[in-house]
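Each remark here refers to the structure printed beneath this line.
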Amino acid sequence: MADIGKFFGSLFGSAAAGVVSPAGQVIEGTSKLIGMFKLSPELKAKLQAELTEGNLDLEKAELAAQVGAMQGQLEINKQEAASANWFVAGWRPAVGWVCVLGLFWAYVLEPFVEFGLINFKGKLPDGIPHLDTGTLISGLLIPLLGLGAMRTVEKLRDAAGNH
């Protein structure tokens, strides 16, 4: 049974092999399947042309769906930013402040608190929180800094009226 899986895996390729979309994977696999049969060169060329045309149609449909999803998200972002309710409009800055407070605790306060407790009490209590700063930095800080850099580029290029 594993041999069958390997056969179809080698026949249709994988996303890691450079094929980005599922439509591209189907077209690539079908193209390989056509190549396995002894067909006339004219028929092979005709089938390849139809596959290429079908691939373009599928990729256009996938791109249109992605653009539609992005436009919907942009509309939601505009409504959130325009909201007067701080709970709706302020969640993005709140995420930034949570990151800042977490890093402040992990790199500034925690070492001093531990130093003070060891020097004055002789030992550390069991309840001191230790934050996973790797996740905090890679999962929150770096993406936030990337968005800040993108906004700086927008401002330098005077995009969107430079608000």
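The values are calculated or read from the model by the stated rules, or taken from the named source; none is laboratory data. This structure is a prediction, so every number in the text was calculated from the model and none was measured. Don't worry about glycine lacking a Cβ; one is built from the backbone with ideal geometry, like all the others, and counts go over all protein chains shown.
Just checking, which of 94, 81 is closer than 19 Å to residue 145 by Cβ and small (Gly, Ala, Ser)?
Details: 81 fails: closer than 19 Å to residue 145 by Cβ.
On inspection, the qualifying residue turns out to be 94.
Residue pairs whose Cβ atoms lie under 6 Å apart, sitting 6 or more positions apart in sequence or on different chains, and linking a residue in the range 98-120 that is without any contact (Cβ under 8 Å) to a residue 24 or more places away in the chain and not assigned by TED's automatic domain parsing to the domain that holds residue 144 to a partner that is loosely packed, with under 11 Cβ neighbours inside 10 Å and aromatic (Phe, Trp, Tyr), do not occur here.
Taking the conditions exactly as written (within 32 Å of the chain's Cα centre (by Cα), in a helix (DSSP H, G or I) and farther than 27 Å from residue 78 by Cα), does residue 105 satisfy them or not? It would help to see each step written out before you state the result.
On the way: within 32 Å of the chain's Cα centre (by Cα): yes; in a helix (DSSP H, G or I): yes; farther than 27 Å from residue 78 by Cα: yes.
Yes; evaluated as a whole, the condition is true for this residue.
Can you tell me which residue is surrounded by the most Cβ atoms within 10 Å (Cβ to Cβ) among those in the range 121-151 that are assigned to a loop (DSSP other than H, G, I, E, B) and hydrophobic (A, V, I, L, M, F, W, C)?
Per the criteria, the residue is 131.
Candidates in the range 82-102 are the residues that are among the small types (Gly, Ala, Ser) and surrounded by 11 or more Cβ atoms within 10 Å (Cβ to Cβ); of these, the one that is farthest from the chain's Cα centre (by Cα) is 83. The one condition from (1) hydrophobic (A, V, I, L, M, F, W, C); (2) loosely packed, with under 11 Cβ neighbours inside 10 Å; (3) assigned to a helix (DSSP H, G or I); (4) modelled with pLDDT of 75 or more that residue 45 does not meet is (2). Comparison of 114, 50, 28 shows that the only residue that is modelled with pLDDT under 75 and surrounded by 11 or more Cβ atoms within 10 Å (Cβ to Cβ) is 28.
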